[in-house]
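Report on one structure; see the data block that follows.
The values are calculated or read from the model by the stated rules, or taken from the named source; none is laboratory data. Values in this document were obtained by computation on a predicted structure and should not be read as measured data. FYI the Cβ positions are ideal-geometry reconstructions off the backbone, even for glycines, and counts take in every protein chain you see.
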Amino acid sequence: MSIISEFKQFAMRGNVIDLAVGVVIGSAFGKIVSSLVDDLITPAILTPALKAAKLADLSDLVIPGTAIKYGNFLSQIISFVMVAFALFLIIKAINAAKKKEDARPAPAPESTKSEVLLTEIRDSLKANK
């Protein structure tokens with residue numbers, strides 16, 4: 001087997017293709033999801049809490065007397081959950097499309113030469129009775 005055919009077989013494996021799709025989709029939707037989280041969800045959920053705490057930004061949430069910025073951590077958790085959910089929806093749509101493809105009935109397998117000959121012999125014997 002040549003190097004090129006081995007590489008083609010390796011590159012066309014399901015895991016490699018799935019990984020490539022995941023990377024492309026993740027990078028393509030990363031900015032959209034980040035904007036959704038940073039510009040819509042985080043302000044909608046945390047604006048009342050930030051006003052009550054008299055803070056202007058989520059990154060201003062720190063443990064007093066330390067450099068621990070748990071506000072940034074909360075923002076990253078929200079971001080992660082949204083990215084994971086967006087990828088879940090995309091993979092679910094891809095799987096639904098694959099199921100439609102798989103639902104088509106497979107063509108009947110062709111008979112082998114020996115099966116054809118045996119069928120002819122059987123039919124010949126039935127006709128001679």
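So the values come out like this:
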read-out	value
Residue match in segment 44-64 (condition: at pLDDT 75 or above and within 19 Å of PHE80 (Cα to Cα))	yes
Helices (runs of 4 or more DSSP H) within segment 29-129 that include 2 or more residues under 30 Å from ASP18 (Cα atoms) and within 36 Å of the chain's Cα centre (by Cα)	70-103
Subset of segment 3-22 [among the charged types (D, E, K, R), part of a helix (DSSP H, G or I) and within 21 Å of ILE90 (Cα to Cα)]	ASP18
Residue selected from segment 78-116 under the condition β-branched (Val, Ile, Thr) and surrounded by 10 or more Cβ atoms within 10 Å (Cβ to Cβ), by the criterion modelled with the highest pLDDT	VAL116
Test: residue in segment 66-77 that is closer than 30 Å to ASN95 by Cβ and modelled with pLDDT of 70 or more	yes
